[in-house]
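Before any comments, here is the structure.
The values are calculated or read from the model by the stated rules, or taken from the named source; none is laboratory data. Not measured: the values here are computed from a predicted model. As a convention, Cβ positions derive from the backbone with ideal geometry for all residues, glycine included, and neighbour counts pool all protein chains shown.
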Amino acid sequence: EKSTDALYFGKEASFDIKLPRRSLLVQFTCNKCDARTKRLINRVGYERGTVFLQCAGCQVYHKFVDNLGLIVEYDLREENGVNTCTED
């Protein structure tokens, strides 16, 4: 005996082949350990959100993109009066 729901949904199912990919493959080189890493990330997160990626070499999370402005970075060397110039 066949279910009427299975018959109904089977006839109405369709696929839109023209949909954009939902994932992006990104590659980056870590500034700390020089390891090259590949990761799949969400396209919407990349275009509109904040994405952190974990390095395959040193296992540290790096900020990849921050479209929302959630992360504030401070240069504490300037605030503490540390001389960053290396002039002789």
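Contact map, segment 62-88: first residue over 23 Å from LYS32 (Cβ atoms), second residue at pLDDT 85 or above and part of a loop (DSSP other than H, G, I, E, B), Cβ cut-off under 7 Å, separation 6 or more or different chains; pairs are ASN67/GLY49; LEU68/GLY49. Considered as a group, the residues in segment 19-33 that are closer than 13 Å to HIS62 by Cβ and surrounded by fewer than 13 Cβ atoms within 10 Å (Cβ to Cβ) include one that is farthest from the chain's Cα centre (by Cα), and that residue is LYS32.
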